[in-house]
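Reading through the structure tokens given below for one structure.
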Number of protein chains: 2
Amino acid sequence: MRILVLGGDGYLGWPTALHLSRRGHDVGVVDNFARRGYDLEMGVDSLVPITQLQQRVKRWEDVSGLRVEPYVGDLCDAAFVYRLVAEFRPEAIVHFAEQRSAPYSMIDRHHAVYTQTNNVVGNLNLLYAIAEIDPSIHLVKLGTMGEYGTPNIDIEEGFIEITHRGRTDVLPYPKQPGSFYHLSKVHDSANIMFACRIWGLRSTDLNQGIVYGQETDETVLHPELATRFDYDGVFGTVLNRFCVQAVVGHPLTVYGKGGQTRGMLDIRDTLACVELAITNPAEEGEYRVFNQFTESFSVAELAEMVAAAFPGRVTVANIDDNPRVEKEEHYYRAAHTKLLDLGLVPHLLSGSTISSLLAVADRHRDRVDPAAIEATVQWRKTASSLATAGLVAESR
Amino acid sequence: MRILVLGGDGYLGWPTALHLSRRGHDVGVVDNFARRGYDLEMGVDSLVPITQLQQRVKRWEDVSGLRVEPYVGDLCDAAFVYRLVAEFRPEAIVHFAEQRSAPYSMIDRHHAVYTQTNNVVGNLNLLYAIAEIDPSIHLVKLGTMGEYGTPNIDIEEGFIEITHRGRTDVLPYPKQPGSFYHLSKVHDSANIMFACRIWGLRSTDLNQGIVYGQETDETVLHPELATRFDYDGVFGTVLNRFCVQAVVGHPLTVYGKGGQTRGMLDIRDTLACVELAITNPAEEGEYRVFNQFTESFSVAELAEMVAAAFPGRVTVANIDDNPRVEKEEHYYRAAHTKLLDLGLVPHLLSGSTISSLLAVADRHRDRVDPAAIEATVQWRKTASSLATAGLVAESR
């Protein structure tokens with residue numbers, strides 16, 4: 001199939017592009033390098049060195065004999081999006097190309113507005129381009145399990161049957177997102193559902209859990225194929241952060257009580273899930289939601305697992321002043337059967353997964369900047385120390 | 001109280017400002033004249049002539065001895081919003097200042113992106129300004145009953161108790177909005193709810209039904225105090241449109257079967273509801289939703305009521321090719337007790353209401369442009385004949 005991977009230079013976009021390429025698909029990767037720009041803005045860097053997109057693409061061709069075609073542009077530039085879709089003529093589009101950090105969206109007003117504008121407008125442009133150029137294109141959109149928040153009932157996959165005062169309907173699952181970033185994904189989901197309804201588009205919304213891991217079958221083929229690994233307080237995700245903290249002897253940063261429970265998955269399962277969604281496309285007019293995670297863990301459980309790999313040498317620091325506004329103890333049970341039904345065989349989290357992640361962290365420990373580890377963005381404040389006020393253009 | 005009315009030059013904003021002024025409040029009216037700009041863009045005009053804001057304000061002072069302070073600026077200009085809030089120091093802000101037409105948002109990609117950007121960013125800027133300058137300000141935000149769509153269960157006021165697999169929670173009511181405009185209001189609601197949660201803001205989201213009527217106790221005091229009256233296919237609302245159609249002998253334009261049922265209210269009740277919300281503010285940290293309508297009618301019922309005022313002289317044209325994507329026959333029952341509990345005494349729709357509306361239409365029948373009556377925007381198409389493509393700047 002012909003597949004465009006939007007955000008194909010990022011943490012998950014790049015390995016997804018390689019995976020799809022190796023599986024025989026014709027892949028185009030699209031990026032505006034916004035993610036690399038956030039590093040420059042904050043003065044942080046990927047733990048694992050990454051090469052430039054053009055160099056990665058060349059290296060992949062050397063290693064595999066396969067070509068992924070790079071396109072450089074911004075989804076908020078409608079003319080670019082239309083030209084891209086009209087020229088590449090994809091059968092599926094995988095859309096990773098959004099600002100994806102909750103703390104980044106909470107830095108200040110500028111970053112909240114940027115996140116919602118960038119994500120919502122880019123996605124709207126894409127919906128219109130698909131509708132006008134080829135409505136049969138299957139849009140595989142990355143959402144997040146964080147759209148649901150932590151309700152006191154079971155989370156279903158996108159929709160829920162509600163019986164109320166003697167009548168019953170199946171309705172969109174109520175959302176309680178926890179940051180302006182998570183809100184942007186909720187806005188996207190609502191816009192996509194509507195576009196499928198009025199124009200007959202087909203879309204799969206992948207409500208993804210928190211991803212851990214860094215190596216995939218393709219990225220390990222050459223150091224220049226590596227994908228990024230974030231451990232900083234803004235873009236780093238919990239398990240990846242804990243592994244880096246353990247390696248450099250930093251206490252594991254558990255926010256509050258650590259009872260926050262989240263769906264999680266191995267980076268290799270992200271690739272498999274995206275491929276399953278593509279090869280089993282939504283019907284014409286169908287908007288479907290898959291909850292894309294394999295297991296649930298509390299933050300405290302993750303800290304314990306990492307500590308167990310370094311007996312007696314890792315401490316846990318419960319940060320009483322939780323920078324986020326979230327329930328620290330709550331019910332959490334979320335359905336995630338649709339991808340299993342399509343054949344997903346998960347890589348479950350094990351001691352050996354953690355060991356290999358710790359090995360990655362250890363290999364690059366000299367690149368760790370301890371100052372980058374701290375959580376600097378406070379949900380209860382409207383501006384963090386990272387705010388650069390007028391210095392960051394909203395239209396970036 | 002000191003009250004800012006955002007969008008205070010518009011159909012409802014202007015009479016709301018006068019009403020609050022007459023009730024003894026210190027009122028500022030804020031507008032960027034976007035609404036007048038849409039008229040220029042589409043070559044249509046208010047049926048009832050309206051004066052410029054500065055002239056209206058002067059006339060109100062002459063007539064009442066009361067001053068409403070005009071401020072000209074755009075909510076998407078954050079610096080303006082901050083200065084406005086810091087200088088006026090309102091205790092309540094009534095936020096009407098959004099693009100409010102569903103067909104306008106569906107003209108093409110430009111107008112969809114403009115509507116969502118304008119509405120969402122303006123509202124985000126306002127939330128940040130309130131949080132940073134004075135979190136005790138009560139935000140009274142105009143939403144729409146259209147956020148809910150037409151579910152097959154009773155609609156509640158913002159939240160619904162759901163029992164699912166043996167557990168129960170009260171969650172945000174699921175939304176099924178029917179245009180990119182309605183979606184923008186859903187996005188706003190989610191952003192406001194979050195801001196109340198993390199920053200302790202107080203807000204009332206008025207999910208308003210379709211408003212009819214044009215005259216209020218204040219606007220009738222002088223012709224130069226009149227508010228606008230839209231009958232065109234893009235900004236005109238159903239009952240106002242039917243009255244104009246009846247007066248000029250145009251068939252009443254019922255889309256499809258006419259079974260579409262909506263909550264409605266008299267323009268005078270909009271003013272009363274906004275005042276009730278202001279004088280009974282939300283608590284600190286509270287996000288509450290009032291369903292602001294007084295009666296439900298199907299489109300066919302409204303057409304019959306108008307036809308009954310002109311026995312034998314009005315025809316109904318069922319437009320089989322419904323320009324919208326909507327259910328033409330459906331269940332509809334929506335709670336609307338919270339404003340009644342606060343003391344609202346509704347003006348229910350009667351023959352005399354329709355007669356007075358017909359009288360307004362008749363008085364200005366020479367200003368009716370028959371070409372403006374047609375519905376030109378098709379939901380199923382991505383671009384209507386009104387699309388001006390590159391000619392309308394997105395950042396307007």
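Report, to one decimal in Å, the Kirkwood hydrodynamic radius for chain B based on all distinct Cα pairs. If you can, show how the numbers build up before the last one.
Numbers: mean 1/r = 0.0467 Å⁻¹.
After inverting the pairwise mean of 1/r, the radius is 21.4 Å.
What are the lysines whose alpha-carbon lies under 19 Å from the alpha-carbon of residue A:381, with same-chain residues fewer than 8 places away excluded?
List returned: A:327.
Putting +1 on Lys and Arg Cβ atoms and -1 on Asp and Glu Cβ atoms, find which of B:272, B:82, B:310 reaches farthest to the positive end of the dipole of chain B.
B:310
Can you compute the label reach from residue B:352? Point 7 Å from Cα along the Cβ direction, backbone N cut-off under 17 Å, restricted to the stretch B:180-224.
B:213-217
Which residues in the stretch A:135-150 place their backbone N less than 18 Å from a point set 7 Å from the Cα of residue A:89 along the Cα-to-Cβ direction?
Only A:135-138 pass the distance filter.
Quick one: Cα convex hull volume of the protein assembly as shown, Å³ per residue? Could you put the intermediate results ahead of the total?
Working: hull volume 115.0 nm³, N = 792.
Spelled out: Cα convex hull of the protein assembly as shown, divided by residues, is 145 Å³.
Considering amide H positions built from the backbone, and no H for Pro or chain starts, which residues 5 or more places from residue B:285, or on another chain, come under 5 Å of its amide H?
Long-range HN contacts for residue B:285: B:201, B:202.
According to a simple spin-label model (label point 7 Å from Cα along Cα-to-Cβ), what is the distance in nm between residue A:134 and residue A:161?
Between residue A:161 and residue A:134, the simple spin-label model gives 3.8 nm.
Can you compute log10 of I(q)/I(0) for the stretch A:5-62 with the Debye formula, treating each Cα as one identical point scatterer, at q = 0.16, 0.17, 0.26 Å⁻¹?
-0.51, -0.57, -1.15
Can you spot the lysines whose alpha carbon is less than 29 Å from residue A:58's alpha carbon? Ignore those fewer than 8 places along the same chain.
Once the sequence-local lysines are set aside, what remains near residue A:58 is A:141.
Taking H placed 1.01 Å from N in the peptide plane, check which residues at least 5 places from residue B:252 or on another chain put their amide H under 5 Å from its amide H.
Amide H neighbours of residue B:252: B:315, B:316, B:317.
Short version: ³J(HN,Hα) in whole Hz for each residue of the stretch B:373-382, in order, from phi by Karplus 6.51 cos²θ - 1.76 cosθ + 1.60 (θ = phi - 60°), x for Gly and Pro, what are they?
6, 5, 7, 9, 9, 9, 4, 6, 9, 8
Mind listing the phi-derived Karplus ³J(HN,Hα) values for the stretch A:160-169, rounded to whole Hz, using 6.51, -1.76 and 1.60 with θ = phi - 60°, and x for any glycine or proline?
Coupling constants for the stretch A:160-169: 9, 7, 10, 9, 9, 6, x, 10, 10, 8 Hz.
If Lys and Arg each add +1 and Asp and Glu each add -1, what is the summed charge of the other residues whose beta carbon sits under 11 Å from the beta carbon of residue A:9?
Details: positive: A:35, A:36, A:56, A:228; negative: A:31.
Computed value for this residue: +3.
In the Gaussian network model of chain B, springs joining C-alpha atoms below 10 Å, which of B:309, B:97, B:334 carries the largest mean-square fluctuation?
B:309
Apply the Karplus parameterisation 6.51 cos²θ - 1.76 cosθ + 1.60, with θ equal to phi minus 60°, to every residue of the stretch A:27-41 and state each ³J(HN,Hα) to the nearest whole Hz, in sequence, with x for glycine and proline.
Those phi angles translate into 10, x, 10, 10, 7, 10, 6, 4, 4, 5, x, 4, 4, 4, 4 Hz.
What order do you get for B:273, B:243 when you list them from fewest to most C-beta neighbours inside 10 Å?
Values: B:273 25, B:243 29.
Exposure proxy ranking, most exposed first: B:273, B:243.
Would you mind working out the magnitude of the charge dipole of the stretch B:2-378 relative to its Cα centre, with +1 at each Lys and Arg C-beta and -1 at each Asp and Glu C-beta, to the nearest 20 Debye? Walk me through the numbers before you get to the answer.
Numbers: 34 positive and 50 negative charges, 16 e Å.
The dipole magnitude comes to about 80 debye.
Considering the zone a paramagnetic label at residue A:301 would reach in this model (a point 7 Å from Cα along the Cα-to-Cβ line), which residues of the stretch A:335-351 have amide N under 18 Å from it?
Counting backbone N atoms under 18 Å from the label point, the list is A:335-337, A:346-351.
List the residues whose amide H sits under 5 Å from the amide H of residue B:210, counting only those 5 or more places along or on another chain, with H placed 1.01 Å from N in the peptide plane.
Counting only residues 5 or more places away or on other chains, the set is B:263, B:264, B:265.
For B:165, A:365, B:228, which order do you get if you count the other beta carbons within 10 Å of each Cβ and list the fewest first? Walk me through the intermediate numbers first.
On the way: B:165 8, A:365 12, B:228 21.
The order, fewest Cβ neighbours first, is B:165, A:365, B:228.
Within a Cβ distance under 14 Å of residue B:271, other residues only, what is the Lys/Arg minus Asp/Glu net charge?
On the way: positive: B:22, B:23, B:268; negative: B:215, B:217, B:218, B:266, B:269, B:275.
Its environment carries a net charge of -3.
Fewest Cβ neighbours within 10 Å first, please rank B:192, B:354, A:319 accordingly. Write out the running numbers ahead of the final one.
Details: B:192 24, B:354 21, A:319 14.
Arranged by neighbour count, lowest to highest, B:192, B:354, A:319 become A:319, B:354, B:192.
Of the beta bridges DSSP finds with both residues in the stretch B:2-378, what % are antiparallel, to the nearest 5? Each step should come with its number before you reach the end.
Details: 10 of 49 bridges.
In the stretch B:2-378, approximately 20 percent of DSSP beta bridges are antiparallel ones.
Mind checking which of B:312, B:259, B:73 has the largest fluctuation in a GNM of chain B, springs on alpha carbons under 10 Å?
B:312
Determine the sum of side-chain charges near residue B:143: Lys and Arg each +1, Asp and Glu each -1, restricted to other residues whose C-beta is under 12 angstrom from that of residue B:143.
On the way: positive: B:100, B:141, B:175, B:185, B:288; negative: B:98, B:147, B:157, B:188, B:205.
Net local charge, residue B:143 excluded: 0.
Comparing A:33, A:159, A:235, which has the greatest mean-square fluctuation in the GNM of chain A with Cα pairs linked when under 10 Å apart?
Its mean-square fluctuation being the largest, the pick is A:159.
Please list, or write none, the aspartates and glutamates whose alpha carbon is within less than 13 Å of the alpha carbon of residue B:175, excluding same-chain residues fewer than 8 places away.
Correct list for residue B:175: A:169, B:147, B:154, B:156, B:157, B:188.
When every alpha-carbon pair in the stretch B:1-154 is counted, what percent end up more than 27 Å apart? Numbers along the way, then the final one.
Details: 3117 of 11781 pairs.
Summing the P(r) of the stretch B:1-154 above 27 Å gives 26 percent of all pairs.
Among B:130-137, B:168-175, how do they line up by average Cβ neighbours within 10 Å per residue, starting with the highest? Display every interim value, and only then the final one.
On the way: B:130-137: 17.5, B:168-175: 19.2.
Descending mean neighbour count gives B:168-175, B:130-137.
Loop only per DSSP, at most 15 neighbouring Cβ atoms within 10 Å: give me the chymotrypsin sites (Phe, Trp or Tyr not before Pro) in the stretch B:167-229, ordered by residue number. List each step's numbers first, then the result.
Details: sites: B:180, B:181, B:194, B:199, B:212, B:229; in loops: B:229.
Answer by residue number: there is no such site.
So what's the back-of-envelope 222 nm ellipticity for the protein assembly as shown, counting only DSSP H runs of four-plus at -39500 (n - 2.57) apiece and dividing by all residues, rounded to 500?
Values: 26 runs with 291 residues, N = 792.
So the helix-based figure for the protein assembly as shown works out to -11000 deg cm²/dmol.
Since every read-out is calculated from the coordinates, none of them should be taken as a lab result. Since the structure is predicted, the reported quantities are computational estimates derived from the model, not experimental observations. Using ideal geometry, Cβ is built from the backbone for each residue, glycine included, and neighbour counts are taken over all protein chains shown.
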